[in-house]
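Please treat every number below as a calculation from the coordinates, not as lab data. Note that the coordinates shown come from a computational prediction; the quantities given were computed from them, not determined experimentally. Because the Cβ atoms are built from the backbone with ideal geometry, glycine has one as well, and the counts that use them run over all protein chains shown.
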Amino acid sequence: MDHWRDPSYDTRPALWADATYEQWTDWRWQQRARARDLDALDACANLSPDERAAFDASSELFHAAVTPYYASLIDRDDPGCPIRLQAIPQPGELVTYPFELDDPLAEEAHMPAPGITHRYPDRVLFYVSHNCPVYCRHCTRKRKVADPTTAASRAQLSAGLDYIRDTPAVRDVLISGGDPLTLSDERLGELLVALRAIPHVEVIRLGTRNPVTLPQRITPALCEALRLARPVYLNTHFNHPREVTPAAGRALRMLADAGCVLGNQMVLLRGVNDDPETVLTLNRKLLSLGCRPYYMLQCDMARGITHLRTPLSTGLAIMDHLRGRIAGMGVPHFVVDLPGGGGKIELTPDYVRERRDGPHGPEIVFRNWAGEEFVFVDVAADGDRD
Ligand SMILES: *Cc1c(COP(=O)(O)O)cnc(C)c1O
Ligand code: SF4
């Protein structure tokens, strides 16, 4: 037995004052006790009149739900709290623009089997659940996440597996959702075993926000199921340093011990993490826990999330700041997922100041991360050199 004790219990909101430590650390209790209605959200976040109105008006469009654990990270008195902005409906959700899309990545259009998006030749997204512990207000899959009528049935999961089995080009399966850890250990374990048994499936990935929103879900039994399929590339979704708590750190350590290769997919969000020092701090913390920043994602053109978007220049400025201040392993790829199913493209700061012909070949004047200039002498394509 270990004697680890989760300190988030001691800072739990008054709404859950009666919870025992055993309940608090039990993910099923956390899932059942989620704040879902106006009174519960108000009790943990001290809603403003605008937020109350936003809750009422948005509840038809995209439910709200917050685990007691994640609610314990909200600063009740700070209207700009980065946890609040991700978890509590904001008035901006009700403002829609003509360019916004219900399915910004055209995931439904590239669906050869129910629950499978096959866009790149070698890899598929496999949606296995439409539920999540917390419904992130910036979710790109709002259109179906949180709607229990769209959840994958056992028949649908096996149809997805059949498609993968029958499509030898698929080397890489990304188990996604919703949050796949909403499935029971047994069902997830069966799914992993079935995927491992397909000879052409070389890489298994799993995307989950549970280490952030419900770290209690990372149990020894879950880790055993993951270990049997190792290595599972597990990408999680930390957006702010305040989410990297002792409980989250422990969850990551257990996953790493189970042979998972850990990565983080941060979404760039206005008011949450749109500043270079916040991302630097987050990425340093993640690296120290064995979790590599993989993607920094530009917020998509989904409906009702434009208030959370940042200009592309913000992401580029963050990339510029990271390089030189943290190991290359801590520098994510800054990507835009193109609307209409164009796929991901990577944006990088422009380090080229000038291109010119020099006495010994083409010269490129670069600037480095600190803004200093350096001249690099290139070779011609045919290798000739004066
Ligand atoms: C993001 C994504 C993937 C995985 O992309 P990587 O760049 O390999 O991480 C695969 N399929 C779809 C449809 C995606 O959107
Ligand atoms: S965990 Fe992922 S799928 Fe679920 S609501 Fe958040 S962003 Fe959407």
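Observations, loosely collected:
- A helix-only calculation puts the chain at -8000 deg cm²/dmol for mean residue ellipticity at 222 nm, using -39500 (n - 2.57) for each DSSP H run of at least four residues, averaged over all residues.
- Of D357, D337, D77, the residue with the greatest mean-square motion in the GNM of the chain, using alpha carbon springs below 10 Å, is D357.
- Longest exposed-site-free window of the chain, the sites being GluC sites (Glu not before Pro) in a DSSP loop that have at most 13 other C-beta atoms within 10 Å: 203-371
- Partner lysines whose Cα lies under 24 Å from the Cα of K285, excluding those fewer than 8 positions away in the same chain, are not found.
- Dipole magnitude of the stretch 1-153 about its Cα centre (Cβ charges: Lys, Arg +1; Asp, Glu -1), debye to nearest 20: 400 debye
- Residues F99, F126 arranged by fewest to most Cβ contacts within 10 Å: F99, F126
- Taking a straight line from the alpha carbon of K344, these lysines sit under 22 Å away, with near neighbours fewer than eight places off in the same chain left out: K142, K144.
- For a label point 7 Å along the Cα-to-beta-carbon line of A169, residues of the stretch 192-228 with backbone N under 20 Å: 198-205
- Average Cα contact separation per residue, the chain, under 8 Å, 6 or more apart, as relative contact order %: 13 percent
- Counting neighbouring Cβ atoms within 10 Å and putting the fewest first, the residues W4, W24 line up as W4, W24.
- As a length-normalised measure over Cα pairs under 8 Å and 6 or more apart, the relative contact order of the stretch 28-111 settles at 34 percent.
- For F238, F55, order by how many other beta-carbon atoms lie within 10 Å, fewest first: F55, F238
- In summary, no helical segment of the chain meets the span-like criteria, namely a full DSSP H run, a Cα extent along the axis of 27 angstrom or more and a mean Kyte-Doolittle hydropathy of at least -0.5.
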